[in-house]
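Q: Below is one structure. I have some questions about it.
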Amino acid sequence: MEIDPRMVQELKKRFMPTPLGSKLQIIEGNCLKNELPFFNVCVANVPYAISSALVFKLLRHRPLFRCAVLMFQREFAMRLCAKSGSSMYCRLSSNTQLLSRVDHLMKISKASFKPPPKVESSVVRIEPKRPAPEVAFDEWDGMVKVCFNRPNKTLAGNFRIKAVLKNLFTIHTNYCKMLEKEPKTYDEVKDAITEILKRLEFSERRMRTMEEDELLTLLAAFHEQDIYFA
């Protein structure tokens, strides 16, 4: 798939006359705006400005593909692969690794390009988890966003932020109304969040130290109290 019509013509010129030219299909268009065809393996030199959007478009694609080998800006690649406990572990790391296994394959020097870019690059391999985790991604991402709101704060500190509590209370109220249930008051939602974090011994933890199974446990505990994030 290629968005630049000049590149499309160049690819056709170079490959169509070859013995395998008949097997090459070039789709002209924007990979973010167009539906992706069925594929098993994806190999791409990704425009750095669309790195995050492309990763999650690939991971939402069905049926699941076998693997993707992609080149990104070095810092983005390092965040993609960062593990819990690392200073680079972030929302991108957590969300990507919920849905896939990510491995750093190699570094690419900017001297490898003409003209050389201003940044270094890396190649990573992304392999979707099979089966896909049984969790609503929007809920997971909503909770992770709150937890990483201020990375140096404890989880209890992030969940005490007034804007966060107000939003969670609104979502809770709307959810209960939809199911014709009696919603908790604002203070009851606040107390329920505090109790959950205390019971699971997560109150003083920081998001960068949280493992995936701990976050899944936390999300399930919130849902038991009708506290949702999306």
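Q: Using only C-alpha atoms and all pairs of different ones, pull out the Kirkwood radius for the chain in Å with one decimal. The partial results should precede the final answer.
A: On the way: mean 1/r = 0.0493 Å⁻¹.
Computed over the chain, the radius equals 20.3 Å.
Q: Using a Förster radius of 22 Å, what is the FRET efficiency between K33 and C67 based on their Cβ-Cβ separation? Nearest 0.05, please. Mind dumping the intermediate values first?
A: Numbers: r = 24 Å, r/R0 = 1.09.
That gives a FRET efficiency of 0.35.
Q: What does DSSP give for the chain in terms of the percent of beta bridges that are antiparallel, rounded to the nearest 5?
A: Just about 70 percent of them are antiparallel.
Q: Only loop residues by DSSP count here, and only those with at most 16 other Cβ atoms within 10 Å; note down the GluC sites (Glu not before Pro) in segment 1-78 that meet that.
A: On the way: sites: E2, E10, E28, E35, E75; in loops: E35.
Hits after loop and neighbour filter: E35.
Q: Filter K162/K190; K83/K129; K83/K145; K57/K129; K12/K118 down to the pairs with a C-alpha to C-alpha distance above 19 Å, please. It would help to have the intermediate numbers written out before the result.
A: On the way: K162/K190 10 Å; K83/K129 16 Å; K83/K145 17 Å; K57/K129 15 Å; K12/K118 30 Å.
Too far apart for the 19 Å limit: K12/K118.
Q: Given axes a ≥ b ≥ c from the Cα gyration tensor, I'd like to know whether segment 24-77 is rounded (a/c under 1.5), prolate (a/b larger than b/c) or oblate.
A: Prolate, since a/c reaches 1.5 and a/b exceeds b/c.
Q: Between V43 and R125, what is the label-to-label distance in nm when each label sits 7 Å out along the Cα-to-Cβ direction?
A: Distance between label points: 1.3 nm.
Q: Test of understanding: what is the full-extension gain from E195 to Q225, defined as 0.36 nm times their sequence separation minus their Cα-Cα distance?
A: Between E195 and Q225, full extension yields an extra 9.7 nm.
Q: How far is the Cα center of segment 146-169 from the Cα center of segment 1-49, in Å?
A: 43 Å
Q: For segment 148-200, run through the GluC sites (Glu not before Pro) and keep only the ones in DSSP coil with at most 15 other Cβ atoms within 10 Å of their Cβ.
A: Numbers: sites: E180, E188, E195; in loops: E180.
In loop regions of segment 148-200 (DSSP not H, G, I, E or B), the sparsely surrounded GluC sites (Glu not before Pro) are E180.
Q: Distance in nm between label sites at L216 and K145, each 7 Å beyond Cα in the beta-carbon direction?
A: 2.3 nm
Q: Follow-up. Report, to two decimal places, the Cα Rg of segment 137-230 normalised by 2.2 N^0.38 Å (N = number of residues). If you can, show how the numbers build up before the last one.
A: Details: Rg = 12.4 Å, N = 94, 2.2 N^0.38 = 12.4 Å.
The reported ratio for this selection is 1.01.
Q: What does the helix-only formula give at 222 nm for the chain: each DSSP H stretch with n ≥ 4 adding -39500 (n - 2.57), the total divided by the residues, and the result rounded to the nearest 500 deg cm²/dmol?
A: On the way: 9 runs with 98 residues, N = 230.
Value at 222 nm, helices only: -13000 deg cm²/dmol.
Q: Write out the GluC sites (Glu not before Pro) in segment 117-150 meeting two conditions: DSSP loop, and at most 12 other Cβ atoms within 10 Å of their Cβ. Each step should come with its number before you reach the end.
A: Working: sites: E120, E134, E139; in loops: E120, E134.
Those satisfying the criteria are E134.
Q: Note down the nm distance, to one decimal, between modelled labels 7 Å out along Cα→Cβ at T170 and at S112.
A: 4.6 nm
Since every read-out is calculated from the coordinates, none of them should be taken as a lab result. These numbers were taken from a predicted model, which means no experiment stands behind them. Glycine also receives a Cβ, built like all others from the backbone with ideal geometry; neighbour counts cover every protein chain displayed.
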